[in-house]
Protein chains: 2
Amino acid sequence: MSLSMHTASVPVFQQMLNALAGVLTKAEAHANERRIDHAALLQARLYPDMFPLVRQVQIACDFAKSVSARLAGADVPSYDDSESSYAELQQRIATTLNFIGGLDAAQFEGSDQREIVLRPGTPKERRIGGQAYLLAYGLPQFFFHVTTAYDLLRHNGVEVGKKDFMGVY
Amino acid sequence: MSLSMHTASVPVFQQMLNALAGVLTKAEAHANERRIDHAALLQARLYPDMFPLVRQVQIACDFAKSVSARLAGADVPSYDDSESSYAELQQRIATTLNFIGGLDAAQFEGSDQREIVLRPGTPKERRIGGQAYLLAYGLPQFFFHVTTAYDLLRHNGVEVGKKDFMGVY
């Protein structure tokens, strides 16, 4: 065994959320330079029944905070989904980074064996071991939303590249 | 320590590539039902300077095979990038799954400490530890391309959902 549950979760979320913050900074600058209504990108969708950019960013933050919290055995903080500006999205990312950065790596020990309850109290409730919760559920979900946020901006002509997506590693 | 390098790589690639195969099956059926030229989706892009669907699938397979091979200390198999049909993309995914499924978990032991050379012999050559290679580079790159393949099909009206993206977990 060579990876801790903390190593395989929090630093991954940190790298990608910091990158997402940079992508959003470029999107805001792009809109300002071209006098594009901020809502045009913030509410853009890749398809009418997909979530808009604002919601993609919110959900990416939600997976980062909820997966980290559950693996650490901490309460999942609740955030209002009220963001409607770039500044507010940056704040949500910062709040998320602050929360997950404050969790102690030691809290994650043994979480690979801990049972996690997905969608508790709903008809889709499901119990899953911590290891599968992170690798087979949490990371794919998180990466889905950070990638879709990027794809959506790229599709709308914002000049970002793979380097912006990847962040500092 | 609670995760092996094998656990955090091969099964993740397997889950997501099997899911991608299912998404492509739905895309092909969608095109056939509506008499859409197969090239319309296979060559679709989210933006003119982004890669088309065929290339997104090829690269997703490439990261799965190269990350797995390098962590296992095996030679990276070389595939021609000649696919131009759904059947050929399915074959590439199957070939990739066959290769990574044939690697022994024991070969991955100690790979977190092994030095990996990215883009060897190019001006962008970079040396990175095995742990960062997987978590900070390989997984983000892999997820980028499987998600973008899905987003691209979703953007073009193929009726797939998050369940199709996630696969069996």
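The values are calculated or read from the model by the stated rules, or taken from the named source; none is laboratory data. Since we're looking at a predicted model, the values are computed, not measured. Quick reminder, even Gly has a Cβ in these numbers, built from the backbone with ideal geometry, and neighbours come from all protein chains shown. What goes into the accessible areas is simple: the full protein's heavy atoms, side chains included, and nothing from ligands, DNA or RNA. Shrake-Rupley method; radii C 1.70, N 1.55, O 1.52, S 1.80 Å.
Could you list, in sequence order, all residues of segment B:136-164 that are open to solvent by 10 Å² or more (accessible area, probe 1.4 Å), in contact (Cβ under 8 Å) with a residue 12 or more places away in the chain and part of a helix (DSSP H, G or I)? Across segment B:136-164, the qualifying residues are B:TYR137, B:GLN141, B:HIS155, B:ASP164. The lone criterion from (1) away from chain A (no Cβ under 14 Å); (2) among the hydrophobic types (A, V, I, L, M, F, W, C); (3) open to solvent by less than 10 Å² (accessible area, probe 1.4 Å) left unmet by B:ALA60 is number (1).
Rundown of residues vs (1) out of contact with any Pro (no Cβ under 6 Å at 6 or more places or on another chain); (2) within 14 Å of another protein chain (Cβ to nearest Cβ); (3) of a type in the set (A, V, I, L, M); (4) closer than 18 Å to A:LEU24 by Cβ, yes/no style:
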position	(1), (2), (3), (4)
A:ALA40	yes, no, yes, yes
A:LEU46	yes, yes, yes, yes
A:ALA69	yes, no, yes, no
A:ALA72	yes, yes, yes, no
A:GLU88	yes, no, no, yes
A:ILE93	yes, no, yes, yes
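Return the only residue of B:SER2, B:SER78, B:SER66 being open to solvent by 30 Å² or more (accessible area, probe 1.4 Å) and either hydroxyl-bearing (Ser, Thr, Tyr) or closer than 19 Å to A:ALA136 by Cβ (or both). Quick ask: steps written out before the conclusion?
Values: B:SER2 fails: open to solvent by 30 Å² or more (accessible area, probe 1.4 Å); B:SER66 fails: open to solvent by 30 Å² or more (accessible area, probe 1.4 Å).
Exactly one residue qualifies, and that residue is B:SER78.
When only residues in segment A:119-139 that are in contact with a Phe, Trp or Tyr (Cβ under 7 Å, 6 or more places away or on another chain) and not aromatic (Phe, Trp, Tyr) count, which is nearest to the other protein chains (Cβ to nearest Cβ)? Among them, the one singled out is A:ALA136.
Name every residue in segment A:77-108 that is assigned to a helix (DSSP H, G or I) and aromatic (Phe, Trp, Tyr), in order of residue number. It would help to see each step written out before you state the result.
Kept after step one, since they are assigned to a helix (DSSP H, G or I), are these residues of segment A:77-108: A:86-101, A:105-108.
Within segment A:77-108, A:TYR86, A:PHE99, A:PHE108 meet the criteria.
If you go through segment B:5-46 and pick out every residue that is among the hydroxyl-bearing types (Ser, Thr, Tyr) and either open to solvent by 50 Å² or more (accessible area, probe 1.4 Å) or touching a Lys or Arg at 6+ places or on another chain (Cβ under 9 Å) (or both), you end up with 1.
Just one of (1) more than 20 Å from A:ASP164 (Cβ to Cβ); (2) open to solvent by 10 Å² or more (accessible area, probe 1.4 Å) fails for B:GLY130. It is (2).
Within segment B:95-118, the set of residues being out of contact with any strand residue (DSSP E or B) (no Cβ under 7 Å at 6 or more places or on another chain) and within 14 Å of chain A (Cβ to nearest Cβ) comprises B:ALA105, B:ALA106, B:GLN107, B:PHE108, B:GLU109, B:GLY110, B:SER111, B:ARG114. Note on segment B:89-109: residues that are crowded, with 16+ Cβ neighbours inside 10 Å and under 22 Å from B:PHE144 (Cβ atoms) amount to 8.
Under 22 Å from B:HIS155 (Cβ atoms), at pLDDT 95 or above, of a type outside the set (Gly, Ala, Ser) and crowded, with 22+ Cβ neighbours inside 10 Å: is that true of B:LEU71 in this structure? Can you show your working first?
On the way: under 22 Å from B:HIS155 (Cβ atoms): no; at pLDDT 95 or above: yes; of a type outside the set (Gly, Ala, Ser): yes; crowded, with 22+ Cβ neighbours inside 10 Å: yes.
No, not satisfied.
Residues being among the polar types (S, T, N, Q) and either part of a strand (DSSP E or B) or within 27 Å of A:GLY22 (Cα to Cα) (or both) are entirely absent from segment A:112-129.
When B:ALA44, B:ALA29 are checked against the criterion of being touching a residue at least 12 places away in the same chain (Cβ under 8 Å) and on the phi < 0 side of the Ramachandran plot, a single residue qualifies: B:ALA44.
Listed by first and then second residue, the pairs with beta-carbon distance under 6 Å, at least 6 apart or on different chains, first residue in segment B:50-78 and polar (S, T, N, Q), second open to solvent by less than 30 Å² (accessible area, probe 1.4 Å), are B:GLN56/B:HIS145; B:GLN56/B:THR148; B:GLN56/B:ALA149; B:SER68/B:SER9; B:SER68/B:VAL10; B:SER68/B:ILE100; B:SER68/B:LEU103. Scanning segment A:47-76 for residues that are out of contact with any Lys or Arg (no Cβ under 6 Å at 6 or more places or on another chain) and assigned to a loop (DSSP other than H, G, I, E, B) gives A:PRO48, A:ASP49, A:MET50, A:PHE51, A:GLY73, A:ALA74, A:ASP75, A:VAL76. Note on segment A:140-168: residues that are at the interface with chain B (Cβ under 7 Å from one of its Cβ atoms) and under 15 Å from B:GLN141 (Cα atoms) total 8.
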